[in-house]
Amino acid sequence: MPTPVYFTFDPNLGPKIAVALDLPIAKHEETVYEDGEHRTRALEGVTGRHCLVVDSLYAEPSLSADRKLLRMTFFVGALKAAGAARVSVVAPYLCYSRKDRRGAVGDPVITRHLAQILEAVGADQMLTLDVHNLASFENAFRIPADNIEGQSLFVDYLAPKLAEAKVVVVSPDAGGIKRAETFRSALEQALGRPVERAIMEKLRGPDGVRGDLLVGPVEGRVAVLIDDLINTGGTLARAAKACRAHGASEVYAMATHGLFVAPAGDALGGADISELVVSDSVPPFRLSGTPAHGKLRVLECAKLLAQAIAQRCGLG
C-alpha cells in the first residue's frame, strides 16, 4: 500500500501530528489574487493515493473560520480532481459544530450544510476532536465521521494532582451530563476510588443565561468542571462560583477547545478557578495579557490525534 500523502494548513498542530505519524509534510501551493479570490493545489503526485488534509478550523486574527473552511473545501476538490483515491479530512477543531439544531423557526442546521459541502467536493472521511454534539455530527455526514475523544489528556494530567483529594466532576449544564459522566468514570478508574458527580443548572431566556441550582456533593471536595469548549467563559465562571459557594475546596476548569472570545479573559480571570486547562487544538492567543492567562495550562494533543488517525484511517 502506498504511503499516504500528508497535507496541512495548520502551522501549530500540523507539523506535530506529522512527526507523530512519521509522515513527511507534502508541498502545496496557495495563491491569493488581487480581488481576494484564491486557489490551492498539491505540488506532489496524488493519483491513486490516500491523502490526509489537516487544519483546525478556528478563526484567527487574519483568517476567518469561513475562509479556512473554503480553503479546505477547494483543496479537497483539487485533490480528487488530480486523481486522489481517498481524502481524509482532519479538523481538530471543527467550526460550526455548535450550529447543530434549530433554535427558532427557519434556523439553518449548519453542521448538515458543512457536511454536504465537504461530501460534494469528494471528502471520503471526516475526523475531529471532541465534537460539540456527537449524535448531530454523526447524523450530519453520510461519509464516515469519526470523533476522537480527548478525555485521556485531562485524566492523565489531573490524576497525579488529585491523588489524595476528594473529587467531584461537575457538568456545567444539562447538555454536558453524558460528557461529564464519561470523564468521571475514566478519572475514577485512574484514581482507583469513587469520584462524585454534580450538575449545574443553566437556563436560557430573553434576559440571558440564569440558574443557580447546583445538585451534587461538592462541599469539601475538589470540583472539576468539564466541557467541550470555552467561548466567552460565562458558563464555567458561573459554575465555578456556585461550586465555591457550596464549599468546594478548589476548582479546576477543563475544556478541549479554548476559543476564549471576549470577555473570557476577564470572566475566567475573576472566577475562583485554580487552573484553566485546555488542549492546543486552538492556540489560546486571545488570553494573552488577560487576568486568566496566569491560570492557563495547555496540553498537547498531537500524539492522541496521530494515534486515532493511524487507527481510523488504516495507516498501520
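For the listed residue pairs Lys27/Lys80; Lys16/Lys241; Lys99/Lys241; Lys68/Lys202; Lys99/Lys166; Lys166/Lys303, the alpha carbons are over 25 angstrom apart in Lys16/Lys241; Lys99/Lys241; Lys68/Lys202; Lys99/Lys166; Lys166/Lys303. Let me know the shape class of region 151-300, please: from the alpha-carbon gyration tensor, a ≥ b ≥ c as square roots of the eigenvalues, rounded when a/c is under 1.5, otherwise prolate if a/b is greater than b/c, or oblate. Verdict is oblate for region 151-300. Ranked by the mean number of other Cβ atoms within 10 Å of their residues, highest first, the peptides 111-124, 228-241 come out as 228-241, 111-124.
Our helix-only sum for the chain, with -39,500 (n - 2.57) per DSSP H run of n ≥ 4 divided by its residues, gives a mean residue ellipticity at 222 nm of -9500 deg cm²/dmol. Charged side chains reduced to their Cβ positions (Lys and Arg at +1, Asp and Glu at -1) give the chain a dipole of some 380 debye around its Cα centre. His28 sits among other residues whose Cβ lies under 15 Å from its own Cβ, and their net charge, with Lys and Arg +1 and Asp and Glu -1, is +2.
Its residue count N sets the reference 2.2 N^0.38 Å, and the alpha-carbon radius of gyration of region 61-199 equals 1.30 times that reference. For region 243-316, the dipole from Cβ point charges (+1 on Lys and Arg, -1 on Asp and Glu) about the Cα centre works out to 200 debye, to the nearest 20. For region 151-300, the dipole from Cβ point charges (+1 on Lys and Arg, -1 on Asp and Glu) about the Cα centre works out to 160 debye, to the nearest 20.
Farthest toward the positive end of the dipole of region 233-316, out of Ala264, Ala306, His293, is the Cα of Ala306, where the dipole comes from beta carbon charges about the Cα centre.
Classify region 1-86 as rounded, prolate or oblate, taking a ≥ b ≥ c as the square roots of the eigenvalues of its Cα gyration tensor: rounded when a/c is under 1.5, otherwise prolate if a/b is larger than b/c and oblate if not. Can you show the working numbers first?
Working: a/c = 2.25, a/b = 1.30, b/c = 1.73.
In terms of gyration-tensor shape, oblate.
With a cut-off of at most 12 other beta carbons within 10 Å, and DSSP calling the residue loop, which chymotrypsin sites (Phe, Trp or Tyr not before Pro) in region 23-76 qualify? Please list them.
Those that pass, being in a loop and sparsely packed, are Tyr33.
Within the P(r) computed for region 213-316, what percentage of the Cα pairs occupies the region above 21 Å? Everything past 21 Å amounts to 39 percent.
Throughout, read-outs are computed from the coordinates displayed, never taken from laboratory work. Values in this document were obtained by computation on a predicted structure and should not be read as measured data. FYI the Cβ positions are ideal-geometry reconstructions off the backbone, even for glycines, and counts take in every protein chain you see.
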